[in-house]
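Peer 1: Here's a structure for you.
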Protein chains: 2
Amino acid sequence: MTDLPALLDHADSQLDASLAHLFELLRIPSISTDPAYAPECRRAAEWLAARLQALGFEASVRDTAGHPMVVGHHPGATEDAPHVLFYGHYDVQPVDPLDLWSRDPFDPSVADLDGNRKVITGRGSSDDKGQLMTFVEACAVYKAVRGALPCKVTILFEGEEESGSPSLKPFLEANAGELTADYALVCDTGMWDADTPAIAATLRGLVGEEFVVTAADRDLHSGMFGGAAANPIHIVADICAGLHDETGRVTLDGFYDGVEETPSNIKASWDKLGRDSASLLGEVGLSVPSGEKGRSILELTWARPTAEVNGITGGYTGQGFKTVIPGQASAKVSFRLVGQQDPAKIRESFRAYVRSKLPADCSVAFHEHGGSPAIHLSYDSPLLQKAQAALSDEWPKPAIVVGMGGSIPIVGDFQKLLGMESLLVGFGLSDDRIHSPNEKYELRSFHKGIRSWIRILAAL
Amino acid sequence: MTDLPALLDHADSQLDASLAHLFELLRIPSISTDPAYAPECRRAAEWLAARLQALGFEASVRDTAGHPMVVGHHPGATEDAPHVLFYGHYDVQPVDPLDLWSRDPFDPSVADLDGNRKVITGRGSSDDKGQLMTFVEACAVYKAVRGALPCKVTILFEGEEESGSPSLKPFLEANAGELTADYALVCDTGMWDADTPAIAATLRGLVGEEFVVTAADRDLHSGMFGGAAANPIHIVADICAGLHDETGRVTLDGFYDGVEETPSNIKASWDKLGRDSASLLGEVGLSVPSGEKGRSILELTWARPTAEVNGITGGYTGQGFKTVIPGQASAKVSFRLVGQQDPAKIRESFRAYVRSKLPADCSVAFHEHGGSPAIHLSYDSPLLQKAQAALSDEWPKPAIVVGMGGSIPIVGDFQKLLGMESLLVGFGLSDDRIHSPNEKYELRSFHKGIRSWIRILAAL
C-alpha cells in the first residue's frame, strides 16, 4: 500500500471539507426519543444516504416500524477483498436542559477548550455523528485518491440507538443475507486516553434474575411470631450473603466453567496503564477493591465474572419502624459473564442454589431478566492484530486491547443473528459529555479518526 | 371472706343491670383517631366519671393535650388494705367499612352466635369498654353487698389508646404521686381459650435499630464497577445473615446476658396447652419453626429473645431490572428482649457487630427506634399466685401464666414512671374481632369477668 502517505495527506488537506459535511449532519436535530423530531430523523437518514451515494455507494433509506435505517453497499477493489459491515447511529439524545448549553446544540462550531484543545461542539458531535463520519470521510478519501475502496463495504446506520433500538433486531433478521459481512466495524466507543487508542475485544455477558421468597401467607407481627416463624428477609439475606466466599469468588456450582485466564501479555499491558484501584475507586469515594482477591482492578472489571445484587426489598422500608415479619422478600441479582460461560447453566445453577437455601415451608418464584453470553474477539485474531498495529501507527502511544464491563446489544446481535465478530474502535474521550449539555468531540479525534480508518482499511 | 358467695350471687342477679350500664357506654361513639368524634370521647369520659361517682369514687374528668383522662379514687375498707390502680381505655377504633357490620356498631345488642354462644355486639364491646366495665361492675357489687371496697382503688381510664397514647406519659409523670399504687391491674388482654383464663406475667422488651450502609458516593453501573466496587447490599445482607448461627441463636456478643431459663413447672404447664408449632404456624401457612432449636413454640414466642430484620432495601426495587450497584442500602432490625437483657447494651453490641463487618471504605449511620426492657412479674410473686388461684376458682380450667411476645407500652410506663408491677388479666377471646367489623364480647366473658374481679379483689 505505497499510496498510504498520499491517502493520509489527502485526509489532512480535506479536513475542512470533511468538517463541513459533519456540520451539515450535526445541524439536523435527529432526537429519536421525541416523536416531534421524527421528520428530522428521516432528514438525517436521507442526508446520510445522499452522502453515501455521492461516494459511489448504492445507498437507500429503509423504513422500519420506527425511525428508518440507512443501508449502503460499495464493492471492493477486487473480488476477493474482505467484506466489512460498518455500524453507527445517526440519532441523538435530547438536549434538555437547554439553558445549560453555552451554544445552540444544533449550531455546531469549532471552539477552543482550555486554550490548547480544539473541539467540535454540539449534540451528536461525539455520540455518534462525529464518530460515524470518521469512517464515511475515510471512504471519501479513498474514493478521491484511488477511486475505489480497499474492501467491500456495507454500511448500516440506525436511528433508534438512543431509544432502545426496537427495530434493529427485526431488521437484522429480515435482511440477514444483505447485511452479513466477514466482520463488523463499530465506532461508538472511546480512547483509553487522549494519546492512546483502544480496541474493545471483550464485552461481559449478563444474566439477570429476580427471586421472590414467600414464607407466611400474610405479614406477621414480630411480637407474636418473632423467633418462631420463618422471616423471608433472613432467607433472602442469607442467599445474597452466600453468593461469594471469603476470597470474593462466586460460590455457585459450575460458575467458573468456561472462564479463561486472560493471557499474561494482555494482563501485563493492562498493568502498564496505571489504572489502579485507587484511581478507579477513588472517583466514586471508595478505596478497597471488593470482589476476587489477587486480581487487578482492570481484570476484575473487564475479564472476570461477577455476581451482584442490584436490588433487595422486604418488610417495612418507609420512615420510622414497624415490627413486621413480612410474608415476602425479594432480590434482583445479575451475573456478568466472560469467556464461554453459559447463561442458561448459570441461571439454573443459581436457581438450584436458592432452592437449596429454602426452608421446607417457604416457596420461591423466579423471574428472568435477560441473558446473553460474553462477546470476545480472540486476542490473537488477525483482525484484532491488524487493527491494533494500524492504530498504533497513527497515535502517539500504542493501541491497547481493552475489555468492557458491560454489554453493547448491537455486538451481541451481530454475533447471534449474523454470526459476525465485531471490531470496536472509537475516538471519544471520557470528558465528551455525551448525553449531557455541551457535548463535544475533539477535533483531533475527528481528524486522526479519519486517518485511523484509512490505516485500518488499508491493513485489512 | 365468708361473704364471697353473697358477692358472686349478687353479681349474677345484677347482670342485666351491669349490662345496661355497659350498653350506655357502648352507645357513645368515642373514636379517638377521628377529630370529629372528640366531643364523643369527652362524653364517654364524663359518663365514666359519673358512673364512678355513683359508686362512691372521688372521680373527675382530667384534661390533657388530647382526649381527657378519667381518674377516680376510692378508699379501702381498712387503712392497711392494699392499693391497686386499675387501667382501661374508653376510646375505640374507627368502624369503617361500615357496610361489613351486620348491625350498627354503636347500637349494642346481645346476640346468639353459632346457636350456643351469647355475645355482646358493637364497637368497643371487647376492646376495651366491655373489659373495663367488668372491673367497674365488680366494684359496684362490692358497694351493693358490703358498702365498701376490699382494697384502696385508683382508676385510670385513657381515651387515646387506639391513637398511640400521646398524652399518657406526660400525665403519668405529672400525676405520679396521685397514681402510684402497690400494683396495677390492667384489663386489656385475653383468655387462653374459652375455658382457660390467662395472666400475662412476662412481656418481651424491644430494641429497634435502623442502619444505613454507604459505599460509593453515587449509584454505579454494574458493568463498569461490578466486581470492583463495594456493593452495600452485599454488606447489609451479610450483616443480616450473620445475626443467627446454625442453631438459631443470636450471635451478638453478650446477647444472652440476663436471659433466664423459664422455670420447668411453667414450661410444663405450657407444654400441656397443646399449642404446638403446627397449630401456631399452620394458621399462617407455615410449618417449620425457625429460631432457636430445641425449644417449644410457646417458649420461643414468650420467653426467648429474638433478632428479626423487619425491613431491608437497597438498589432498584421497581418493575423490571437495573444493573445498578447502589451507593446505599439499609435495614431495620428489632430485638425482642426477655429477663434482664439491657436494651442499651444490646444496641451497643449490635452496632459494634455492624461496624466489624464494614469494609474500610464504607460508612454506616445508625438510627435508634426505641428501646425498652422486658417486663415480668416474678413467677413466684404472691400477687400472681393469688390472682391465679382466684381465676382458677371461677373458670372451668385452671388459670395459666403466659408470656406475651410483644410489649404493651402502658405496662412499661407503669414500671418505669411509677415503679409499679402490673397484673394483666382479661377476658377477650381471639375471635372477638377487635379493630374489625362485627366486634363482639362473650356475654360469659362479661359475666364471669365481673365474678373474676370480685374473687381477685377478695384474694388481694
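Peer 1: Within the stretch B:360-434, considering only strands (runs of 3 or more DSSP E) that don't extend past its boundaries, which have at least 3 residues that are modelled with pLDDT under 95 and of a type outside the set (A, V, I, L, M, F, W, C)?
Peer 2: Strands (runs of 3 or more DSSP E) meeting the threshold: B:363-372.
Peer 1: Is it true that A:Lys143 is in a helix (DSSP H, G or I), surrounded by fewer than 24 Cβ atoms within 10 Å (Cβ to Cβ) and more than 27 Å from the chain's Cα centre (by Cα)? Write out each step before concluding.
Peer 2: Values: in a helix (DSSP H, G or I): yes; surrounded by fewer than 24 Cβ atoms within 10 Å (Cβ to Cβ): yes; more than 27 Å from the chain's Cα centre (by Cα): yes.
Yes.
Peer 1: With the checklist (1) in a loop (DSSP other than H, G, I, E, B); (2) under 24 Å from the mean Cα position of the chain (by Cα) in hand, flag the one item B:Asp217 doesn't pass.
Peer 2: Evaluating B:Asp217 over (1) in a loop (DSSP other than H, G, I, E, B); (2) under 24 Å from the mean Cα position of the chain (by Cα) leaves (2) as the failure.
Peer 1: Next up: With the requirement that a residue be within 14 Å of chain B (Cβ to nearest Cβ) and closer than 14 Å to A:Leu298 by Cα, what does the stretch A:256-268 give you?
Peer 2: Matches in the stretch A:256-268: A:Thr262 only.
Peer 1: What's the total number of residues in the stretch B:269-301 that are of a type outside the set (Gly, Ala, Ser), at the interface with chain A (Cβ under 7 Å from one of its Cβ atoms) and within 23 Å of the chain's Cα centre (by Cα)?
Peer 2: 6
Peer 1: Restricting to the stretch B:70-92, name every residue that is over 18 Å from B:Met420 (Cα atoms) and surrounded by 24 or more Cβ atoms within 10 Å (Cβ to Cβ).
Peer 2: Within the stretch B:70-92, B:Val70, B:His89, B:Tyr90, B:Asp91, B:Val92 qualify.
Peer 1: Also, quick follow-up: From A:Arg336, A:Arg304, which residue is at the interface with chain B (Cβ under 8 Å from one of its Cβ atoms), in contact with a strand residue (DSSP E or B) (Cβ under 7 Å, 6 or more places away or on another chain) and crowded, with 19+ Cβ neighbours inside 10 Å?
Peer 2: The unique qualifying residue is A:Arg336.
Peer 1: Same structure again: Any idea which of B:Asp413, B:Asp393 is over 22 Å from B:Ala17 (Cα atoms), away from every other protein chain (no Cβ under 14 Å) and crowded, with 18+ Cβ neighbours inside 10 Å?
Peer 2: B:Asp413
Peer 1: What is the residue count in the stretch A:198-222 for residues that are among the polar types (S, T, N, Q) and facing chain B (nearest Cβ under 7 Å)?
Peer 2: Residues flagged as among the polar types (S, T, N, Q) and facing chain B (nearest Cβ under 7 Å) within the stretch A:198-222 amount to 1.
Peer 1: Here's something else I'd like to know. Could you tell me which numbered condition A:Gly419 fails, if it satisfies all but one of (1) under 28 Å from A:Pro305 (Cβ atoms); (2) within 14 Å of chain B (Cβ to nearest Cβ); (3) surrounded by fewer than 21 Cβ atoms within 10 Å (Cβ to Cβ)?
Peer 2: The number of the failed condition is (2).
Peer 1: Restricting attention to the stretch B:284-297, and to residues there that are crowded, with 24+ Cβ neighbours inside 10 Å and out of contact with any Ser or Thr (no Cβ under 7 Å at 6 or more places or on another chain), which single residue is farthest from B:Ala374 (Cα to Cα)?
Peer 2: This residue is B:Leu286.
Peer 1: Further question on the same structure: Taking the stretch A:269-283 as the search range and keeping residues that are aliphatic (A, V, I, L, M) and either in contact (Cβ under 8 Å) with a residue 12 or more places away in the chain or touching a Pro at 6+ places or on another chain (Cβ under 6 Å) (or both), which one is surrounded by the most Cβ atoms within 10 Å (Cβ to Cβ)?
Peer 2: Here the answer is A:Leu281.
Residue-wise test of (1) among the small types (Gly, Ala, Ser); (2) under 20 Å from A:Pro359 (Cα atoms).
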residue: A:Thr251; (1), (2): no, yes
residue: A:Gly258; (1), (2): yes, no
residue: A:Ile266; (1), (2): no, no
residue: A:Ala278; (1), (2): yes, no
residue: A:Glu292; (1), (2): no, no
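Peer 1: If you don't mind, there's one more thing I want to ask. Checking the structure you have, find out if any residue of the stretch A:343-352 is touching a residue at least 24 places away in the same chain (Cβ under 8 Å) and more than 28 Å from the chain's Cα centre (by Cα).
Peer 2: Yes: one or more hits.
Peer 1: While we're on this one: How many residues, within the stretch A:358-373, are touching a Gly at 6+ places or on another chain (Cβ under 7 Å) and either more than 13 Å from chain B (Cβ to nearest Cβ) or among the basic types (Lys, Arg) (or both)?
Peer 2: Residues meeting the conditions: 1.
Peer 1: While we're here: Scan the stretch A:285-329 residue by residue and report those that are within 30 Å of A:Pro263 (Cβ to Cβ), assigned to a loop (DSSP other than H, G, I, E, B) and of a type outside the set (A, V, I, L, M).
Peer 2: A:Ser287, A:Pro289, A:Ser290, A:Gly291, A:Glu292, A:Lys293, A:Gly294, A:Arg295, A:Ser296, A:Arg304, A:Pro305
Peer 1: Assess whether B:Ile456 counts as being part of a helix (DSSP H, G or I) and among the β-branched types (Val, Ile, Thr). Let's see the steps before the verdict.
Peer 2: On the way: part of a helix (DSSP H, G or I): yes; among the β-branched types (Val, Ile, Thr): yes.
Yes.
Peer 1: Something else about it: Just a yes or no: is a residue in the stretch A:235-258 under 30 Å from B:Val338 (Cα atoms), of a type in the set (D, E, K, R) and surrounded by fewer than 21 Cβ atoms within 10 Å (Cβ to Cβ)?
Peer 2: yes
Peer 1: Of the residues that make up the stretch B:32-52, is at least one part of a strand (DSSP E or B) and either surrounded by 15 or more Cβ atoms within 10 Å (Cβ to Cβ) or of a type in the set (D, E, K, R) (or both)? Let's see the steps before the verdict.
Peer 2: To start, the set of residues in the stretch B:32-52 that are part of a strand (DSSP E or B) comprises none.
No: zero hits.
Peer 1: Determine, yes or no, whether A:Lys386 is among the charged types (D, E, K, R) and surrounded by 18 or more Cβ atoms within 10 Å (Cβ to Cβ). Reasoning before the result, please.
Peer 2: Values: among the charged types (D, E, K, R): yes; surrounded by 18 or more Cβ atoms within 10 Å (Cβ to Cβ): no.
When the stated conditions are applied, A:Lys386 does not pass them.
Peer 1: Oh, and also: Of everything in the stretch A:311-333 that's within 31 Å of the chain's Cα centre (by Cα) and among the hydrophobic types (A, V, I, L, M, F, W, C), which residue is nearest to the other protein chains (Cβ to nearest Cβ)?
Peer 2: Only one residue tops the list, namely A:Ile312.
Peer 1: Given the criteria over 28 Å from A:Asp361 (Cα atoms), away from every other protein chain (no Cβ under 11 Å) and among the charged types (D, E, K, R), does B:Asp342 qualify?
Peer 2: Values: over 28 Å from A:Asp361 (Cα atoms): yes; away from every other protein chain (no Cβ under 11 Å): yes; among the charged types (D, E, K, R): yes.
So B:Asp342 fits the description; yes.
Peer 1: Hey, among the residues in the stretch B:102-118 that are among the acidic types (Asp, Glu) and within 23 Å of B:Ile28 (Cβ to Cβ), which one's surrounded by the most Cβ atoms within 10 Å (Cβ to Cβ)?
Peer 2: B:Asp104
Peer 1: Evaluate the stretch A:223-243: report whether one residue or more is in contact with a helix residue (DSSP H, G or I) (Cβ under 7 Å, 6 or more places away or on another chain) and away from every other protein chain (no Cβ under 11 Å).
Peer 2: No, because not a single residue in the stretch A:223-243 is in contact with a helix residue (DSSP H, G or I) (Cβ under 7 Å, 6 or more places away or on another chain) and away from every other protein chain (no Cβ under 11 Å).
The values are calculated or read from the model by the stated rules, or taken from the named source; none is laboratory data. Model, not experiment: these values are computed from the prediction. Ideal geometry is used to build each Cβ from the backbone, glycine not excepted, and the neighbour counts take in all protein chains shown.
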